Amino acid sequence: MIKKTFYNLPKEKRERIINAVKDEFSKHPKEKVSINKIVKSANISRGSFYQYFDDKVDLVELLTGEMAEQITAFVKDSLIKNDGNIFITYKEIFDEIIFLIKEKDDCHFFKNILFNLEANSDIIFDFLHYRLPAIELDKKLGDFINTYINPKYLNCKTQEEVSYIFNILILVLKNSIFNIFVNQ
């Protein structure tokens, strides 16, 4: 888990560390990411690194956390704009993610992160199942679905069915984005 000491750092130092982590993940897959290169690039000691992070899973969490917050905000805005139509929203999410990846100079970073997520799903499993309480995650997802998704666009009888569709669309989206990188 990312430690509170990291979030208490001055903004400039946090950004320097984030940039060093991002740069290392842009160049290497997770198993070849070097903590030594990160601490050297961020100009911090190895001991300081372990005051902020436990392991490489924390680094993936750090890199994907901000992206996840941006995507969540985009999804909320899109659902509101489209009257809760989840299908239009997922198309817009796909288009937005592809636009962001192509517009920014982050293609290698996104490619390595996506390959890491695909090839090393144990990182995500570890993060979701051991670091986030499952009940909290289920409650957040349920609250999100109840608040923003309009069931009139779905042929569902229960909230559980809506949740299944939501999760299936997440998998389709992830695989579609992954395929963009694989097939260029």
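Readers should treat all values here as calculations from the given coordinates under stated rules, not as data from a laboratory. In this text, all values refer to a predicted model and were calculated from it rather than measured experimentally. For neighbour counting, all protein chains shown are included, and Cβ atoms are generated from backbone atoms with ideal geometry for every residue, glycine included.
Brief remarks on what is shown
- Label-to-label distance, residue 76 versus residue 4, with points set 7 angstrom from Cα along the beta-carbon direction: 2.5 nm.
- ³J(HN,Hα) computed for each position of the range 151-163 - Karplus, 6.51 cos²θ - 1.76 cosθ + 1.60, integer Hz, glycine/proline x: x, 5, 8, 10, 9, 10, 9, 10, 5, 4, 5, 4, 4
- Full-extension gain in nm, residue 12 to residue 99, via 0.36 nm per residue minus C-alpha separation: 28.6 nm
- The loop-placed GluC sites (Glu not before Pro) in the range 49-103, going by DSSP, include none that has at most 16 neighbouring Cβ atoms within 10 Å of its Cβ.
- Pairs from 76/157; 56/157; 32/91; 81/174; 3/27 whose Cα-Cα separation, in the structure shown, is over 31 Å: 56/157; 32/91
- Sorted largest first, the spans of the alpha carbon positions of the range 41-107 along the three principal axes are 50, 23, 14 Å.
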